[in-house]
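To start, the structure under review is shown below, and the notes come after it.
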Amino acid sequence: MKGTDLLKIDQKNTRKDELKQIKPIYDLLELEFEPFKQVKYFYPYSKDFTSYTYEKEDIIKTRIEAGNALQYKYLFETDEDKECLDLLFANVDDPNDTIESIINFIISNSGGFSGIETWEDFKSELYKQTQSDKASKAGKEISVMSWRKFYRLFNKSYQKCQQMFTNKLGSGVRLRDQIAQIHKNDVMVIDVAKLDEESQGFVFGDVMRAVYNLKLGSTDRVDSDIPDRIVIFIDELNKYASTDVPKSSPILHQLLDITERGRSLGIVLFGAEQFVSDIHRRVKGNCATQAFGRTNAIEISREDFRFVPSVYKTMLTRMKQGEYIIQNPVFRSMLNIKFPLPIYKYFD
């Protein structure tokens, strides 16, 4: 999300002139003229409520009291918590697999990492490994310089979001636990707008894993109780699935797996990005539907638009907001469509 986008989708649009334009379209499509229902908002935890979100404090408090919002945290207690460490390093190039080796060392509770259950203790043990006289604990295959790099990268994200990476759950929740209990027609809005890029990827990767695990039957819920389809909307997909993302990125691997197997599992991914030419070819190749909005001439000249007829290329440079050209194998030609203005409350 950008700013507070999508943080009012359960409230009706207050612009009366826009509602007059929207209603005939909803009537024609026989759709209910109401905003989203069964919506729950998830904000990164902070004591002052607003350290990691652009939402206002009074709105967050009101929603929490009404049971429509929760604050999420990340602990370092269980093996599942520790296995998410790799998500913090998703955009770090690791040609020699040193980061992966360190994470495996930590997950296996080797050396001084056995019994550690708090982020502070974990950070302290990491720092010890950066000292030359402690290097032997990590095994000869991992150098002190590698531990120092790992510590530096971890500490950068930890210091920025220290309240979210906490030691006690308290009034907060684990996102993966909430996703494991998702029901039919539930809408979950997860706010990551104000987090740093590494933490955004961490949250996104954690959510993707939780959805994937749910659909693979890793919970105690019976199959009939789990929604047949779970739809994930993600903006700026190029952050996680571009051609520049390291091949070792665990988030990229998850996205590739979902685009290739998601249909059979009932996971639908809607991704939005500025430049489709930058997205990984396997992600693009497994997309059943592509929607093109207004695009500049430089992007249109790329390989991805080679098979787009020239008349549509010209249209793409002049399209208005809310107007798209749809490409799907079901249709013999590309379709020009227009979305109505949102029926929910939004900001320009």
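The values are calculated or read from the model by the stated rules, or taken from the named source; none is laboratory data. None of the values given here were measured: they were computed from a predicted structure. Note: ideal-geometry Cβ built from the backbone for every residue, glycine included; neighbour counts use all protein chains shown. We work out accessible area using only protein heavy atoms, side chains counted, and drop any ligands, DNA or RNA first. Shrake-Rupley method; radii C 1.70, N 1.55, O 1.52, S 1.80 Å.
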So which residues in region 339-348 are in a loop (DSSP other than H, G, I, E, B) and in contact (Cβ under 8 Å) with a residue 40 or more places away in the chain? Pro340, Leu341, Pro342, Ile343, Lys345, Tyr346, Phe347
What are the residue pairs meeting all of these: first residue in region 20-48, first residue on the phi < 0 side of the Ramachandran plot, second residue loosely packed, with under 15 Cβ neighbours inside 10 Å and among the aromatic types (Phe, Trp, Tyr), Cβ atoms under 9 Å, and 6 or more apart or on different chains? Ile22/Phe33; Lys23/Phe33; Tyr26/Phe33; Asp27/Phe33
Of those in region 155-196 that are of a type in the set (Gly, Ala, Ser) and buried (at least 18 other Cβ atoms within 10 Å of the Cβ), the residue nearest to Lys56 (Cα to Cα) is Ala193
Identify, by number, the condition in (1) open to solvent by 90 Å² or more (accessible area, probe 1.4 Å); (2) without any contact (Cβ under 8 Å) to a residue 12 or more places away in the chain that Glu303 doesn't meet. (2)
Could you list all residues from region 232-272 that are basic (Lys, Arg), surrounded by fewer than 16 Cβ atoms within 10 Å (Cβ to Cβ) and assigned to a helix (DSSP H, G or I)? Arg261, Arg263
Does Leu6 satisfy the criteria of being open to solvent by less than 70 Å² (accessible area, probe 1.4 Å) and within 20 Å of the chain's Cα centre (by Cα)? no
Candidates Ser101, Ser51 - the one that is in a loop (DSSP other than H, G, I, E, B), closer than 28 Å to Ser249 by Cβ and not β-branched (Val, Ile, Thr): Ser51
For region 212-230, check the following and say yes or no: at least one residue is outside any helix (DSSP H, G or I), modelled with pLDDT of 90 or more and open to solvent by 60 Å² or more (accessible area, probe 1.4 Å). yes
Mind listing just one residue for me: the one in region 284-300 that is open to solvent by 70 Å² or more (accessible area, probe 1.4 Å) and under 27 Å from the mean Cα position of the chain (by Cα) and, of those, farthest from Pro340 (Cα to Cα)? Asn296
Has region 186-202 got any residue that is closer than 24 Å to Glu125 by Cβ, of a type in the set (Lys, Arg) and out of contact with any helix residue (DSSP H, G or I) (no Cβ under 9 Å at 6 or more places or on another chain)? no
Here is a check on your reading of the model: is Asp86 at pLDDT below 95, farther than 26 Å from Gly172 by Cβ, open to solvent by 10 Å² or more (accessible area, probe 1.4 Å) and not basic (Lys, Arg)? no
Farther than 23 Å from Val173 by Cα and either in contact with a Phe, Trp or Tyr (Cβ under 8 Å, 6 or more places away or on another chain) or modelled with pLDDT under 95 (or both): is that true of Ile107 in this structure? no
Failed condition for Leu175, given (1) in contact with a strand residue (DSSP E or B) (Cβ under 9 Å, 6 or more places away or on another chain); (2) farther than 27 Å from Ser248 by Cβ, with all others met? (2)
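This table checks each residue for (1) modelled with pLDDT of 90 or more; (2) among the charged types (D, E, K, R); (3) touching a strand residue (DSSP E or B) at 6+ places or on another chain (Cβ under 7 Å).
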residue: Glu236; (1), (2), (3): no, yes, no
residue: Val245; (1), (2), (3): no, no, no
residue: Ser248; (1), (2), (3): no, no, no
residue: Phe270; (1), (2), (3): yes, no, yes
residue: Asn286; (1), (2), (3): no, no, no
residue: Lys313; (1), (2), (3): yes, yes, no
residue: Arg318; (1), (2), (3): yes, yes, no
Within region 306-338, work out how many residues are assigned to a loop (DSSP other than H, G, I, E, B) and surrounded by 12 or more Cβ atoms within 10 Å (Cβ to Cβ). 6
Quick check: is even one residue across region 128-150 open to solvent by 20 Å² or more (accessible area, probe 1.4 Å), of a type in the set (A, V, I, L, M) and either under 30 Å from Leu7 (Cα atoms) or under 27 Å from the mean Cα position of the chain (by Cα) (or both)? no
